[in-house]
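**Student:** Dumping the structure here so I can ask a few things about it.
The values are calculated or read from the model by the stated rules, or taken from the named source; none is laboratory data. Small disclaimer: the values here were computed from a predicted structure and weren't measured. Counting neighbours? That spans all protein chains shown, and the Cβs are built from the backbone with ideal geometry, glycine included. When the accessible area is computed, the model is the full protein with side chains, heavy atoms only, and any ligands, DNA or RNA have been set aside. Shrake-Rupley method; radii C 1.70, N 1.55, O 1.52, S 1.80 Å.
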Amino acid sequence: VVKSGEVRKFPSRSFREREHKIFWTSRNAARTCRPPSFLRGFFVHYARRNLRPLPWRDKSVSPFHLLLAEVLLVQTKADDVARIWPKMILRYPAPDALHKSRVSTLVRLLQPLGLQNQRARSLKTISATLLQRFQGAVPGRVDHLLSIRHIGLYTAAAVACFKFAQRVPIVDANTLRVLGRITGHKSGKDLRRSKEIWSLAWALLPRKNCALHNYGLLDFAGQVCTVNQPQCLSCTLNKKCAYGQQRLVGGSVGA
Ligand code: SF4
């Protein structure tokens, strides 16, 4: 879930490489990580009650159409993507249709989202790669998805988890912020380089219902623990969350 002020940025190449490395190394480190017990099952429970009914979350959506949605969600609000995505999936049922499309057609279609030239080029490259290297199918593994130019870690993990039931965390600035606040982790602004928080994200993954857990974490980040106005006063975690306690005890939360 992406709300105003919480958009995912296009990362630089060197940043992406560091991020990929930490993704895999923190998976091993997670074996010795002991998450707070109150977080076990919390996000699955949250999702069961508060799941946002975004159209690309429907089980019938194809991996290719989910991939389109996740690529469009970079630097864009979910509500804006929800206006364009239905037109995209009608016009492009599969990668070959997208590959054959004129760039100018794509640019026109994507214009309401902004960054239309960049997005059109990215989508053309992605569809070409799917056809050339994966016989027109979307691969289900994070490492295979990451080998496709213009697919970042968030997108790869989302597709692998939501469409191929891979047990991987969905880690972006929003979910890291939530975990960082709860644990009181201090790593300056860049939690994306914190191996502890990444390890926690891995360690929190349930054996079952991994997709629901990730949806819950994303929606909690977008609905409750937002960037600028976390709702600590009404948040069910406020007695256990380090940041929430700091705000409540410090009196920085308005009634
Ligand atoms: S108490 Fe506040 S900071 Fe902590 S998880 Fe809840 S909303 Fe976020």
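**Student:** Which entries in 186/240; 77/186; 186/208; 186/239 show an alpha-carbon gap greater than 21 Å? Please report the intermediate quantities before stating the final value.
**Tutor:** On the way: 186/240 17 Å; 77/186 28 Å; 186/208 30 Å; 186/239 19 Å.
In this structure, 77/186; 186/208 exceed 21 Å between Cα atoms.
**Student:** Report, in whole Å, the centroid distance computed from the Cα atoms of the stretch 34-73 and the stretch 199-255.
**Tutor:** Comparing the Cα centres of the stretch 34-73 and the stretch 199-255, I get a distance of 16 Å.
**Student:** Something else now. Taking the Cβ of residue 160 as the center, what net charge do the other residues with Cβ under 14 Å away carry, scoring Lys and Arg +1 and Asp and Glu -1? Please report the intermediate quantities before stating the final value.
**Tutor:** On the way: positive: 27, 141, 163, 167; negative: 70, 143.
Combined, the nearby Lys, Arg, Asp and Glu give +2.
**Student:** Measure off, as a whole percent, the carbon and sulfur share of the 1.4 Å-probe accessible area of the stretch 142-201, all protein chains present.
**Tutor:** Roughly 47 percent of what the probe reaches on the stretch 142-201 is carbon or sulfur.
**Student:** Under a 1.4 Å probe, what is the accessible area of the chain per residue, stated in Å²? Write down the numbers at each step before the final one.
**Tutor:** Details: 12810 Å² over 255 residues.
Heavy-atom accessible area per residue stands at 50 Å².
**Student:** If you roll a 1.4 angstrom probe over the protein chains with everything in place, what fraction of the accessible area of the stretch 18-140 belongs to carbon and sulfur, to the nearest %?
**Tutor:** Here it works out to 51 percent.
**Student:** Give the angle, between 0 and 90 degrees and rounded to the nearest 10, that separates the Cα long axis of helix 173-183 from the longest principal axis of the Cα atoms of the chain.
**Tutor:** Around 10 degrees separate the two axes.
**Student:** Ok, one more. Are there any trypsin sites (Lys or Arg not before Pro) in the stretch 60-169 that are in a DSSP loop and have at most 13 other Cβ atoms within 10 Å? List them by number. Before the final figure, lay out the partial values.
**Tutor:** Working: sites: 77, 83, 87, 91, 100, 102, 108, 119, 121, 124, 133, 141, 149, 163, 167; in loops: 77, 102, 141, 149, 167.
Passing sites in the stretch 60-169 are 102, 149.
**Student:** Then there's this: So if I take the alpha carbon set of the stretch 178-239, get Rg, then get Rh from the Kirkwood formula, what is the Rg over Rh ratio? Walk me through the numbers before you get to the answer.
**Tutor:** Values: Rg = 12.2 Å, Rh = 12.7 Å.
So for the stretch 178-239, dividing Rg by the Kirkwood Rh gives 0.96.
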